[in-house]
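Notes follow once the structure below has been shown.
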Amino acid sequence: MADRDAAPRRVEIKDGEDTVAAAEVSRHPGGTARASLHAPSGRVDHGVDQAGPAARVSLVDAVVDTPEVRESSRLEATVPLGDSVALDRLRERTQEASTRPAGSTALVDAALPGAAEEQPPAAGQDHPPAGEPPAGSQPPAGSQPPAG
């Protein structure tokens, strides 16, 4: 696990020499990764929004693919308020995402895909789903196996 005081990883999306979107990503105790995404809008160069939708999607993908996030079970992210492209992509790449405004940003709290399969069941949660026998149990005497 990364040291809590370690400097965050900086992720940048470039257009030539220019950084058009960036994020800082860090891992924290308890299996949580934190990311702060910055994709300034309105920066127009020769009629092209330099932090357009493709740059925002690429930024979210790059953040989610960092080791800090891949090795975590939850992601807490800040995104500029109104950046619907980044918010939509975060929802696509995560599970159970909740979003709330906070000043000029949106706070996203989400589970990461695959995290549930990798963790053991919580105490008292090791029973099978309703209607299924416990693993390794024998069917009751005289019962028929399911037709298959």
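The values are calculated or read from the model by the stated rules, or taken from the named source; none is laboratory data. Values in this document were obtained by computation on a predicted structure and should not be read as measured data. When we count neighbours, we look across all protein chains shown, and the Cβ atoms used for this are built from the backbone with ideal geometry, even at glycine.
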- prompt: Mind checking which pairs have a first residue in segment 50-67 that is assigned to a loop (DSSP other than H, G, I, E, B) and among the aliphatic types (A, V, I, L, M) and a second that is surrounded by 20 or more Cβ atoms within 10 Å (Cβ to Cβ) and at pLDDT 90 or above, Cβ under 8 Å, 6 or more apart or different chains?
  reply: ALA51/VAL20; ALA51/ALA21
task: Look at ALA55 and say whether it is among the aliphatic types (A, V, I, L, M), at pLDDT 95 or above, in contact with a strand residue (DSSP E or B) (Cβ under 7 Å, 6 or more places away or on another chain) and surrounded by 10 or more Cβ atoms within 10 Å (Cβ to Cβ).
output: no
message: So, in segment 72-86, exactly how many residues are crowded, with 19+ Cβ neighbours inside 10 Å and not in a strand (DSSP E or B)?
response: 4
